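The values are calculated or read from the model by the stated rules, or taken from the named source; none is laboratory data. Model, not experiment: these values are computed from the prediction. Methodologically, a virtual Cβ is constructed for each residue, glycine included, from the backbone with ideal geometry; neighbour enumeration extends over all protein chains shown. Ligands, DNA and RNA are stripped out before the accessible areas are found, and what is left, the full protein with its side chains, is counted by its heavy atoms. Shrake-Rupley method; radii C 1.70, N 1.55, O 1.52, S 1.80 Å.
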Amino acid sequence: MAGNLIRNPEAVEEILRRACDRRELMILVTPYLRFESSFLRLEGHDLQAAATMGREDALYGLRNADLRLRFPHGVSFLEASTQLLGFGMAEGRRTLRLAVPETLYEEDHRSAYRVERVGRVPVTFSTPKYDLVTGTLVDISTTGARIYSTRDILEGELQAGDEMAVTISLVEGIRINTKVKVRHVHGRTFGIEFRPQLDERVLHPLSRWVFEHREEDLERISRRGVETAAAADETRTAATPPRGLALVSGDAALEGTLQNLLGGLQPLHRVAPTVSAIKEALAQHPALLLFHVPSLGLDERRRMKALLEPVQGRVPFLLLGTGIEGGPLLELGTELKATVSIVFNPERGTFFQRLVQGVLRRTYEGGESPMAPVEPEPS
């Protein structure tokens with residue numbers, strides 16, 4: 001994807017400060033999860049964002065080496081690498097403390113993302129000969145739109161390069177009334193470019209609206225692959241991608257809880273915590289192993305390492321703690337090169353379901369494996 005890198009520290013700071021001033025929408029993403037937040041404050045090396053999730057969800061979801069933030073900026077969208085530094089307070093709200101990015105990646109606005117699912121949006125345009133005509137919106141981006149005329153366009157009435165005025169009542173709070181340049185005409189449909197660029201009072205709300213729709217489309221696409229795999233026919237050959245979840249645990253109650261959470265995503269079965277049972281499970285080509293960690297004693301850690309020897313490099317695995325501290329579990333997960341490490345809480349089942357779905361999507365739809373482990377919380 002074409003784009004530009006913004007490396008100048010002053011330029012990066014100015015962009016982030018302006019995003020904070022307008023409380024801009026921010027999307028935080030890891031290879032497995034996506035959270036919606038907003039800019040709040042820039043202080044030194046800390047960027048504070050609204051904590052729209054619980055502390056544990058932030059800890060296990062965002063403490064990742066591949067954490068990135070995305071947000072709208074004028075006619076384009078920006079993306080950057082960051083890190084979760086901790087938690088704080090700003091303006092009486094709980095916040096996430098994020099590392100200030102050193103570089104911002106700017107998408108090429110010449111290939112601006114177009115929203116096609118716009119519903120029925122009325123448009124009025126004045127032709128170069130000042131005839132007032134009505135139409136409907138076909139699609140829209142931060143730099144232009146396509147419009148369908150309610151009447152035939154006469155020969156020579158509209159041509160590429162013509163300038164005219166357009167009014168688009170997109171949604172409440174976004175009404176575009178501007179001069180445009182015609183880019184192409186096909187029957188009753190024609191494309192326009194906003195010339196000059198939209199005023200900031202209109203551009204920022206439009207950019208946010210387009211950005212939100214793009215994020216929704218990305219989320220829908222990312223889920224589609226996992227949902228398709230889950231609904232596929234059970235009769236598969238050995239040459240097809242791995243399938244199924246194997247829970248390495250002696251806890252039958254935990255198996256029942258996870259069946260309710262994950263059974264609709266992938267078939268799940270429990271495996272005894274022995275080397276021979278794990279080897280048998282690996283022969284069935286599971287997509288993901290869930291290793292139950294009920295304690296973090298020295299003997300348990302040694303036993304875990306022995307159990308994981310036949311797994312390393314073959315199948316992604318997740319450390320699933322119960323009744324233990326989160327920090328030590330994260331450290332163990334990093335040591336063992338686990339894909340993800342998390343203390344399981346049934347009350348946060350939806351979050352856990354999204355996490356597993358994200359791991360499966362990243363591994364088998366994104367084609368990037370092995371994955372970066374979730375990093376431990378710094379002391």
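Within region 97-128, being outside any strand (DSSP E or B), open to solvent by less than 30 Å² (accessible area, probe 1.4 Å) and among the small types (Gly, Ala, Ser) holds for one residue alone: Ala112.
When region 2-45 is limited to residues that are under 22 Å from the mean Cα position of the chain (by Cα) and of a type in the set (Asp, Glu), the one that is most open to solvent (accessible area, probe 1.4 Å) turns out to be Glu36.
Being assigned to a strand (DSSP E or B) and either touching a helix residue (DSSP H, G or I) at 6+ places or on another chain (Cβ under 9 Å) or without any contact (Cβ under 8 Å) to a residue 40 or more places away in the chain (or both) is true of Ala80.
Has region 5-21 got at least one residue that is assigned to a strand (DSSP E or B) and in contact with a helix residue (DSSP H, G or I) (Cβ under 8 Å, 6 or more places away or on another chain)? Yes, region 5-21 contains a residue that is assigned to a strand (DSSP E or B) and in contact with a helix residue (DSSP H, G or I) (Cβ under 8 Å, 6 or more places away or on another chain).
Residue pairs whose Cβ atoms lie under 6 Å apart, separated by 6 or more positions or on different chains, with the first residue in region 249-276 and closer than 24 Å to Arg303 by Cβ and the second among the acidic types (Asp, Glu) and surrounded by 13 or more Cβ atoms within 10 Å (Cβ to Cβ), are Arg270/Glu255. Scanning region 130-175 for residues that are closer than 15 Å to Arg114 by Cβ and open to solvent by less than 50 Å² (accessible area, probe 1.4 Å) yields a total of 12. No other residue among Arg70, Arg63, Arg94 is in contact (Cβ under 8 Å) with a residue 60 or more places away in the chain, among the charged types (D, E, K, R) and open to solvent by 20 Å² or more (accessible area, probe 1.4 Å) apart from Arg70. Among the residues of region 176-205, not one is open to solvent by 70 Å² or more (accessible area, probe 1.4 Å) and among the aliphatic types (A, V, I, L, M).
Scanning region 42-63 for residues that are of a type in the set (A, V, I, L, M, F, W, C) and not in a loop (DSSP other than H, G, I, E, B) yields Leu42, Leu47, Ala49, Ala50, Ala58, Leu59, Leu62. For region 206-249, the candidate set comprises residues that are of a type in the set (Gly, Ala, Ser) and at pLDDT 70 or above; within that set, the residue that is surrounded by the fewest Cβ atoms within 10 Å (Cβ to Cβ) is Gly244. Glu56 passes every criterion in (1) in contact (Cβ under 8 Å) with a residue 40 or more places away in the chain; (2) touching a Ser or Thr at 6+ places or on another chain (Cβ under 8 Å) apart from (2). Only one entry of Val121, Val75 meets the criterion of being modelled with pLDDT of 95 or more, of a type outside the set (Ser, Thr, Tyr) and under 30 Å from Thr189 (Cα atoms), and that entry is Val121. For Val115, work out the one condition from (1) more than 30 Å from Ile342 (Cα to Cα); (2) more than 18 Å from the chain's Cα centre (by Cα) it doesn't fulfil. It is condition (2) that Val115 fails.
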